[in-house]
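Structure first, commentary second.
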Amino acid sequence: MQTYDLIVVGAGPAGLLAALAARRAGLLVALLERKPSIDTLDRLCGQTLVSVNDYYFNDLVYYNNSTRSIGFVKSGISIPYTGPVQPCYAWHIYSPDGVRVAFGMPEKTRPLGSNGAVGIAIDKAALFASLREHAQALGVAIFTGMDVTEVITDASSVTVTASETTFTGAYLIAADGTNSRIARVCGFNTDRTFYCYLLSSGGYFRGLRLPEPDILISSIAYTKPAPGFMFIFPRPHHNEHTVAFLTLDPRTDLAAVARYFMQDNPLFAGWFKEASMLRSLASSQHILSPVINPYRNRVLLAGDAGSCQELENTGAMLSGWKAGCAVAAAVYEQHKGIAEQAIADYIRWWQEIYIKACPHETYMMNFVLPYIVDTEADLDYLFSIIESPLPPCWNPYAAIAHLGSRLHHIMPRIAAERPALAQKLGRMSLPLSEIIRETTKACGQDVMATGHGKK
Ligand SMILES: Cc1cc2nc3c(=O)[nH]c(=O)nc-3n(C[C@H](O)[C@H](O)[C@H](O)COP(=O)(O)OP(=O)(O)OC[C@H]3O[C@@H](n4cnc5c(N)ncnc54)[C@H](O)[C@@H]3O)c2cc1C
């Protein structure tokens, strides 16, 4: 049986970069993926790089057309990407009646070319193919069709069982995504708070008639008993977009949310009138508070495996790379008798750059607004008095900060004109679990939390 320095579970953005970083430093790396082919994308994703016009996870992501690569300026990461790209020049949020809050105006940002983009749409399957080829060329041992079910750790090694095969390594990086089984079986979930699900359905569409084809668009449906959402992402293929319909609440019928946007609401239905769906996709996530310490017993978490909702493709790639480098340095430390610090540095990076700088409650505010502003009339009024445009933005944390500062500014006016709404907005300072209490209740006992998981 082959023994590796590092076993990586999951070949998404986090796992692929973890494997590349460690292999680049000379480690023997096994990458185990459940899907039969790494190159296929079987889960709904907007497939954009979040975000390209400000710092995200303390780094700046870029696409370099001349080298056909994606990189991170501060961390010095550069990875091949030979697929197509489509810059996205703004993010507009519509109320159901069509009142718009704009993060950037495309007529101003578009002329700036890539310097005016807030995000870049990529083809994620093409990214996977580029990274898989690169990993193979470097000598990462790739095993597909491997569903990891068991992890056993001892003082010097980790053994995993995947589809009746065992693999042993000095370390394991769990990059198995938002519903991470590794996090659960290794006991990382015991102190996490379960909030809700994030359920999505949708897919690729051709022929949408949008006000602007090259921006990100989202909206809210006041479906009962809980709201639904629509996100439209440009795709880097002619006349194509990815559309995602989402809800946090399992009682809300996603088909009804899709019907609302595609057929019932006159504004949005017009956008879909001549469109055809090319491929349907879905996703289902358990939303828990993030893992505070992403390391225990030779197992490191990277990417969504340890996060609340999503680190996004960029955060997942960065954390995967950092985790891969940390394991490489830890193996060097042990071989050369150097005092250990690499794993502690990774933990510090996770806690400073993710847990503290990107609070999960802030991220979740992107989905919680209609729980607070709970009528269409209130949302219309609110959107109509927010002086738009706000700064161009596709960063979920920064967007909430921009909105918050505008709200602060207009609060006296709201208090004077709509005191009941002002009172509702006061609920924004409540803990997330309080705001979405009924939705959490509707989700029932969460299977991801083990033992002492808080509800
Ligand atoms: C609707 C929606 C839209 C999104 N839009 C965007 C966007 O526009 N931009 C953006 O940056 N992010 C977006 N995201 C988030 C983004 O998809 C994730 O943050 C990112 O994919 C996380 O990468 P990861 O590598 O941590 O996990 P994943 O991409 O989930 O990869 C995990 C991998 O592990 C494998 N795996 C799981 N369990 C096992 C197991 N037991 N054994 C072996 N393998 C296993 C899975 O098959 C998968 O390949 C979106 C997410 C959703 C749901």
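Just a few scattered comments:
- Count of region 26-38 residues which are more than 11 Å from the ligand (Cβ to nearest atom) and either of a type in the set (V, I, T) or open to solvent by 20 Å² or more (accessible area, probe 1.4 Å) (or both): 3
- Subset of region 84-105 (residues that are open to solvent by 10 Å² or more (accessible area, probe 1.4 Å) and of a type outside the set (A, V, I, L, M, F, W, C)): P84, Q86, P87, Y89, Y94, D97, G98, R100
- Residues of region 229-253 satisfying the condition of being open to solvent by less than 30 Å² (accessible area, probe 1.4 Å) and farther than 29 Å from V85 by Cα: L248, D249, T252
- Checking each residue of region 274-295 against the condition of being open to solvent by less than 10 Å² (accessible area, probe 1.4 Å), modelled with pLDDT of 95 or more and more than 20 Å from the chain's Cα centre (by Cα) gives no match.
- Residue under evaluation Y55, criteria (1) in contact (Cβ under 8 Å) with a residue 12 or more places away in the chain; (2) closer than 28 Å to F229 by Cα, criterion not met: (1)
- Region 26-71 - residue that is of a type in the set (G, A, S) and assigned to a loop (DSSP other than H, G, I, E, B) and, of those, farthest from the chain's Cα centre (by Cα): G26
- Just so you know, in region 385-404 the residues that are in contact (Cβ under 8 Å) with a residue 40 or more places away in the chain and open to solvent by 40 Å² or more (accessible area, probe 1.4 Å) include one that is nearest to V50 (Cα to Cα), and it is P392.
- Under the condition of being open to solvent by less than 10 Å² (accessible area, probe 1.4 Å), within 6 Å of the ligand (Cβ to nearest atom) and in a helix (DSSP H, G or I), the residues counted in region 10-25 number 2.
- Among residues of region 274-291 that are part of a strand (DSSP E or B), those with a beta-carbon under 7 Å from a residue that is open to solvent by 60 Å² or more (accessible area, probe 1.4 Å) at least six positions away or on a different chain give the pairs S276/R206; L278/R206; L281/R43; S283/R43.
- Pairing each residue of region 309-323 that is among the β-branched types (V, I, T) with any residue that is near the ligand (Cβ under 8 Å from one of its atoms), provided the two are 6+ apart or on different chains, yields C-beta distances under 6 Å for T314/L49; T314/V50.
- In the condition set (1) of a type in the set (F, W, Y); (2) closer than 30 Å to H335 by Cα; (3) open to solvent by 50 Å² or more (accessible area, probe 1.4 Å), Y55 is compliant with all but (2).
- Of the residues making up region 227-254, those that are outside any loop (DSSP other than H, G, I, E, B) and either within 17 Å of V368 (Cβ to Cβ) or away from the ligand (no atom under 16 Å from the Cβ) (or both) number 6.
- When the residues of region 134-184 are filtered to those that are charged (D, E, K, R) and open to solvent by less than 60 Å² (accessible area, probe 1.4 Å), the one that is farthest from the chain's Cα centre (by Cα) is D147.
The values are calculated or read from the model by the stated rules, or taken from the named source; none is laboratory data. Keep in mind that this is a model prediction, so the values were computed, not measured. FYI the Cβ positions are ideal-geometry reconstructions off the backbone, even for glycines, and counts take in every protein chain you see. All accessible areas refer to the heavy atoms of the entire protein, side chains included, with ligands and DNA or RNA removed. Shrake-Rupley method; radii C 1.70, N 1.55, O 1.52, S 1.80 Å.
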